[in-house]
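These notes are about the structure you will find just below.
The values are calculated or read from the model by the stated rules, or taken from the named source; none is laboratory data. Predicted model only: the values in this text are computed from it and were never measured. Methodologically, a virtual Cβ is constructed for each residue, glycine included, from the backbone with ideal geometry; neighbour enumeration extends over all protein chains shown.
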Amino acid sequence: MSDDVAIVGLGIHPFGRHDGVSGLEMGAIAARRALASAGIAWKDIDFAAGGSDAAGNADTSVSMLGLTGVPFINVKNGCATGGSALTTAHAMLASGAAEVALVVGFDKHPRGAFNPLPEDWGIGSWYGETGLMLTTQFFAMKIRRYMTEYDISASTLAKVAEKAFANGARNPNAWRRSPLSEDEILGSRMVNHPLTQYMFCSPGEGAVALVLARGGRIRELARTPVYLRSVTFRTRRFGSFEVFAPSIPIESAPSATTEAAAAAFEEAGISPGDVDVAQIQDTESGAEVMHLAETGLCEHGEQEALIQSGATALAGRLPVNTDGGCLACGEPIGASGLRQVHEVALQLRGEAGDRQVPKECRVGFTQVYGAPGVSACTVLTV
Amino acid sequence: MTDTRELQLIDPELIGGTLENPTLIGSECGRCGTVTFPRQRSCPRCTSEDVRPRELATRGELWTWTVQCFAPKAPPYLVGGVEEFEPYGVGYIELPGEVRVEARLTESDPDRLRIGMPMELTLIPVPGASDKLTFAFRPAEEDQ
């Protein structure tokens, strides 16, 4: 159809630590790879969008890619940076304002936990001085409550990480490429009860770029186009439990993820039960557990049996985070959302190498989540 | 807390009452009754600007918790020394009929923290600034 939008080119710069290479350079490398995989040049791009959280303005990469005059929108939207860039490009293509677009996300963070300042998030300095300005605390407290409500075990948290590192070991672009056992994960240093060191992802570095096209250009540029059936983005509602909240209402509401996912499936006309492969925000093990149900991929409480049975492993019924997710790839904020889309596209094209899901994959789904309660989802098909 | 003259509150907008009997100051919406903490100038639920300060209940139940096991970076924390770091508890305390407030806990032993346990408001020194006090919740007697 003329209003179809599809991914026709994929580019990635390996995730991990890359001393001496800037985030912008990684973004430009990923962009060149995406262009090469679509068989086009930078001058053929008539719209671009992209960004990073901490590694500079994406549009300055034109000095490396070429000064073609292309309209290039910088996105800075926390963990939803990639999703926002994709939303923007999708709108431009679907409306006919552009024919071939490039999106890019990259980042480069220092070692250790993120240290955001409360003032940047609308909270007084007291919050940080008191010792509450840590995303890890939120994730730990959310899964602590969830484990009690839905009988999720610590073993299941460890199995999520065990699967991530097993998948990462098969992914040449992952950062953590050594498998770890459930016992090693449970026995690692406690970070925030009930979450241990190896249940958390680490801030890292990396870049991803995608080339998208519309209508008649799609078949010209790709043998196996991956159709972007929907891309949705939501902020939080009153009553949802999100990061950096000095208080939360007693009246509860669905999370930003729940609403973004429901909208993504509705817009695509596809149900969660049709999904063959999914990439879900796994900032830590508990996030993958909770997001599985928030996205509609399973019922609340079903995760214990689902994960323990191996259903979310590569050969399972619903493979999740097949590239190792944030746990094995690390978290370069601006790149992670597009990494998920990149991985689903590879799986749908059957080009995921050693980590290719053995069953036939026709429908993929991605969900990214971040502070202070933003979520972006996509539904992709071949 | 015998000599309280030199102690300061971390933020007088947050904490009212006396140093011996502190209260948290939130706000209440005049239109829909929503209670927030800290004070806001408009209601996050109904967007009304008819919002006034409200002293919150000093007792509630632990809704969820964790123990912070690594030293936060400074800033925004005031102390940067990893050597002197002691793990501390953090939780949300549900103040009945009001709101769930995030706070430091005086208890940091995971075996002595459980969802639903009664908690009460107290003040503790701010790490790295012993002349400043911040709010925290401590385990309370069950039968009060």
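Computed quantities for the displayed model
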item	result
Selection within the range A:135-153 - crowded, with 17+ Cβ neighbours inside 10 Å and of a type in the set (G, A, S)	A:A140
Output for the range B:10-31, where each listed residue is among the β-branched types (V, I, T) and touching a residue at least 60 places away in the same chain (Cβ under 8 Å)	B:I10, B:I15, B:T23
Entirely in the range A:282-382, the helices (runs of 4 or more DSSP H) that have 2 or more residues that are in contact (Cβ under 8 Å) with a residue 24 or more places away in the chain, of a type in the set (A, V, I, L, M) and within 29 Å of A:G50 (Cα to Cα)	A:285-294, A:325-329, A:333-349
Residue identified as at pLDDT 95 or above, more than 7 Å from chain A (Cβ to nearest Cβ) and either farther than 18 Å from B:Y92 by Cβ or in contact with an Asp or Glu (Cβ under 9 Å, 6 or more places away or on another chain) (or both) among B:T36, B:T58	B:T58
Residues located in the range B:4-33, provided they are of a type in the set (S, T, Y) and either touching an Asp or Glu at 6+ places or on another chain (Cβ under 9 Å) or within 12 Å of chain A (Cβ to nearest Cβ) (or both)	B:T4, B:T23, B:S27
Sole residue being within 28 Å of A:G239 (Cβ to Cβ), of a type in the set (S, T, Y) and surrounded by 20 or more Cβ atoms within 10 Å (Cβ to Cβ), chosen from B:Y92, B:Y77	B:Y92
A:G69 vs. criteria surrounded by fewer than 20 Cβ atoms within 10 Å (Cβ to Cβ) and within 14 Å of chain B (Cβ to nearest Cβ)	no
Yes/no for B:T64 being buried (at least 19 other Cβ atoms within 10 Å of the Cβ), in contact (Cβ under 8 Å) with a residue 24 or more places away in the chain and within 8 Å of chain A (Cβ to nearest Cβ)	yes
Qualifying residue in the range A:318-328 (condition: surrounded by fewer than 24 Cβ atoms within 10 Å (Cβ to Cβ) and touching a Gly at 6+ places or on another chain (Cβ under 6 Å))	no
Selection status of A:T235, at pLDDT below 95 and within 14 Å of chain B (Cβ to nearest Cβ)	yes
The range B:123-144 - residue that is part of a strand (DSSP E or B) and of a type in the set (A, V, I, L, M, F, W, C) and, of those, farthest from B:W65 (Cα to Cα)	B:A129
Yes/no for A:S309 being surrounded by fewer than 24 Cβ atoms within 10 Å (Cβ to Cβ) and over 27 Å from A:F138 (Cβ atoms)	yes
Scope the range B:45-60; condition surrounded by 17 or more Cβ atoms within 10 Å (Cβ to Cβ) and of a type outside the set (K, R); matching residues	B:V51, B:L56, B:A57, B:T58, B:G60
Residue check for A:F238: part of a loop (DSSP other than H, G, I, E, B) and surrounded by fewer than 18 Cβ atoms within 10 Å (Cβ to Cβ)	yes
Residue list for the range A:104-134, filter: surrounded by fewer than 20 Cβ atoms within 10 Å (Cβ to Cβ) and outside any loop (DSSP other than H, G, I, E, B)	A:E119, A:D120, A:W121, A:S125
Top-ranked residue of the range A:210-235 - restricted to ones that are in a loop (DSSP other than H, G, I, E, B) and in contact (Cβ under 8 Å) with a residue 40 or more places away in the chain, ranked as surrounded by the fewest Cβ atoms within 10 Å (Cβ to Cβ)	A:G216
One residue from A:A89, A:A161, A:A140, A:A166 being within 14 Å of chain B (Cβ to nearest Cβ) and within 20 Å of the chain's Cα centre (by Cα)	A:A140
The listed residue being of a type outside the set (S, T, Y), at pLDDT 95 or above and either buried (at least 22 other Cβ atoms within 10 Å of the Cβ) or in contact with a Ser or Thr (Cβ under 7 Å, 6 or more places away or on another chain) (or both), out of A:Q347, A:Q356	A:Q347
Failed item, numbered, when A:E331 is tested on (1) surrounded by 24 or more Cβ atoms within 10 Å (Cβ to Cβ); (2) more than 29 Å from A:D151 (Cα to Cα); (3) of a type in the set (D, E, K, R)	(2)
